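Only one structure is covered here, and it is reproduced in the block below.
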Amino acid sequence: MNFKKVFAMILAGLMALTVSLSFAGCGSSSSGSSSGGEKKPVKVSLAMLRLTSSAPLFIAMDKGYFKEEGIEIDPQWFDAAQPIAVATASSKVDVGATGITAGLYNMAAKGQKLYIVADKGREEKGYSSSALLASSAEYDNGLTSIEALKGKRVGITQKGSTFHYMLGRMLESKGLTLDDVTIVPLGKLSAVMAALQSGQIDACILNEPNITKVKNEGYGKEITQVSAVMPYQTSGIFYSPEFAKNKDAAVRFMKAYNKACNEYYNAVVDKKDPAKLDEVVKIIAKYVKTPEADIRLGLPYVDKNGVLMADDIKTQIDWYSSHGMIDGKLDAKDVVNTSFLEEAMKK
């Protein structure tokens, strides 16, 4: 009798375990979760610049949104956009977050896989993101408009950079060309700022929080915001070819990013809650190592869901091609892949 009871108990336990495993299997096939609902842990190297436009990434890291998705972020800090594109395309880092440059398009035109998957900052009227500045001395001497750039020395990070593109488009809006100025490539943002301060260049293009820093320190004055001249998808989130193969992790990364974009938008754009705005400013200041007061003066626009302004990618490719900066033919669909974000938004 005792043997029968024991056997019955064992049989009941096995049946319960079988049912439990069946349900666990149903929940893991699409989400990539392990049994019990836990997400499979993955370490993701993320290449960034210390710029205000990276705010959603900072929020997602600081508030544990990536961690919620089973993602451990390994931050890699860079000084310029192009090296990030190179590192991402070669899969030396998993995810890149920076400006969309001619170098990136060139790699894609030559067959190197790289995917622009989401917005990381765009030029939107009313929001300080990128601006044309003159040295205070030149501004006081009349360098107060785009037209007045003719014959001047303009500092940028690199040829083919987002700054090069912005400068060209702004000049063309006033009937000028890149040949009407002397372009001075200086490699990194800190060098551009130092050259403006020392008078080695007459003007430059910078982004936040550097615009506010320069103006506050008194050696530069703003001529115009880029957003006042043109709409522009300045920067994006890129996936390396290897990381894109891990669809589960790639979608989970976008889920965390989308959540952070929503939070940033509600705090900064909609301004729904002053306390939330204060929290976002504090987080950004921590990562870009800039005083909170400066951050507050130059908060850029980021799409509420992190959605890429995909149509602008074609505009950029056409411009770079027409200026001889892309070697070969390239279609926007070869570099844009918004499917990861689209799937993340369904979950």
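The values are calculated or read from the model by the stated rules, or taken from the named source; none is laboratory data. Since we're looking at a predicted model, the values are computed, not measured. As a convention, Cβ positions derive from the backbone with ideal geometry for all residues, glycine included, and neighbour counts pool all protein chains shown. These accessible areas exclude ligands, DNA and RNA; they are computed on the full protein's heavy atoms, side chains included. Shrake-Rupley method; radii C 1.70, N 1.55, O 1.52, S 1.80 Å.
Quick one: Cα centre-to-centre distance for the stretch 284-347 and the stretch 192-236, in angstrom?
19 Å
What are the extents of the Cα atoms of the stretch 46-180 along their three principal axes, listed from largest to smallest and rounded to whole Å?
The principal-axis extents, from largest down, are 55, 37, 23 Å.
Can you pull the Kirkwood radius for the stretch 101-159, inverse mean 1/r over Cα pairs, to one decimal in Å?
Computed over Cα pairs of the stretch 101-159, the Kirkwood hydrodynamic radius comes out at 15.0 Å.
Direction-averaged shadow area of the convex hull around the Cα atoms of the stretch 103-249, nm²?
9.9 nm²
Can you list which of the DSSP-assigned H helices in the chain have a Cα extent of 24 Å or more along the long axis and an average Kyte-Doolittle score of at least -0.5?
Span-like helices in the chain: 2-28.
What's the FRET efficiency of ASN262 with GLN76 using the Cβ-Cβ distance as r and R₀ = 22 Å, to the nearest 0.05?
Efficiency for this residue pair is about 0.30.
Using the charge dipole of the chain (Lys, Arg: +1 at Cβ; Asp, Glu: -1 at Cβ; taken about the Cα centre), state which of ALA137, ALA249, ALA285 has its Cα farthest towards the positive end.
ALA249
Once you place label points 7 Å from the Cα toward the Cβ at THR177 and HIS323, how far apart are they in nm?
It is 1.2 nm.
With unit charges on the beta carbon (Lys/Arg positive, Asp/Glu negative), name the residue among PHE66, ILE100, PRO185 whose Cα is farthest towards the positive pole of the charge dipole of the chain.
Going by the Cα projections, it comes out as PHE66.
With no solvent and one equal point scatterer per Cα, compute the Debye intensity ratio I(q)/I(0) for the stretch 174-278 at 0.17 Å⁻¹ and report its log10, rounded to two decimals.
Taking Cα atoms of the stretch 174-278 as identical point scatterers yields -1.04.
Viscosity 1.567 mPa s, temperature 4 °C: what is the translational diffusion coefficient of the stretch 191-230 from Stokes-Einstein with a Kirkwood Rh over Cα pairs, rounded to a whole number of µm²/s?
Roughly 123 µm²/s, to the nearest whole number.
Over the Cα atoms of the chain, compute the convex hull volume and normalise it per residue, giving Å³.
About 145 Å³ per residue, rounded to a whole number.
For the stretch 122-278, what is the accessible area per residue in Å² when the probe is 1.4 Å?
38 Å²
Which FRET efficiency value, to the nearest 0.05, do you get for GLU147 and LYS40 by plugging their Cβ-Cβ distance into 1/(1 + (r/R0)^6) with R0 = 56 Å?
0.50
In whole Hz, what ³J(HN,Hα) sequence does the stretch 92-97 give by Karplus (6.51, -1.76, 1.60; θ = phi - 60°), x for Gly and Pro?
6, 10, 7, 10, x, 9
Taking a cut-off of 15 Å, what percent of all Cα-Cα pairs in the stretch 233-272 are separated by more than that?
Considering the stretch 233-272, 55 percent of its Cα-Cα pairs are separated by more than 15 Å.
Over the Cα atoms of the stretch 278-347, Rg to Rh with Kirkwood Rh, two decimal places?
1.14
Take the Cα pairs of the stretch 152-232, get the Kirkwood Rh, then feed it into Stokes-Einstein at 20 °C and 1.002 mPa s and tell me D in µm²/s.
Estimated via Stokes-Einstein, D reaches 167 µm²/s.
If you project the alpha carbons of the stretch 217-347 onto their three principal axes, what span does each projection cover, largest first, in Å?
Principal extents (largest minus smallest coordinate, Cα): 45, 42, 24 Å.
Calculate one ³J(HN,Hα) per residue across the stretch 179-188 by plugging θ = phi - 60° into the Karplus curve 6.51 cos²θ - 1.76 cosθ + 1.60, and present them in order as whole Hz with x for glycine and proline.
5, 7, 10, 9, 7, 10, x, 10, x, 9
Can you compute the modelled spin-label distance between LYS347 and GLU242, with each label point 7 Å from Cα toward Cβ, in nm?
2.2 nm
Work out how far the C-alpha atoms of the stretch 117-201 reach from end to end along every principal axis, then list the three figures in whole Å, largest first.
Sorted from largest, the Cα extents of the stretch 117-201 read 42, 29, 25 Å.
Quick one: order ASP119, ASP318 from most to least accessible surface, probe 1.4 Å.
ASP318, ASP119
Suppose we keep just the DSSP beta bridges with both residues in the chain; what percent of those would be antiparallel, to 5?
60 percent
Excluding ligands and nucleic acids, what accessible area in Å² is computed for LYS39 using a 1.4 Å probe, to the nearest 10?
Roll a 1.4 Å probe over it and LYS39 shows about 60 Å².
Give, rounded to the nearest 20 debye, the magnitude of the charge dipole that the stretch 136-286 has about its Cα centre when Lys and Arg contribute +1 at Cβ and Asp and Glu contribute -1 at Cβ.
That gives the stretch 136-286 a dipole magnitude of about 500 debye.
Round to the nearest 0.05 the FRET efficiency obtained for THR224 and LYS271 when R0 = 22 Å and r is the Cβ-Cβ distance.
It comes out at approximately 0.35.
What part of the accessible area of the stretch 258-347, given as a whole %, is carbon or sulfur when the probe is 1.4 angstrom?
Taking all protein chains in place, the stretch 258-347 shows 51 percent carbon and sulfur surface.
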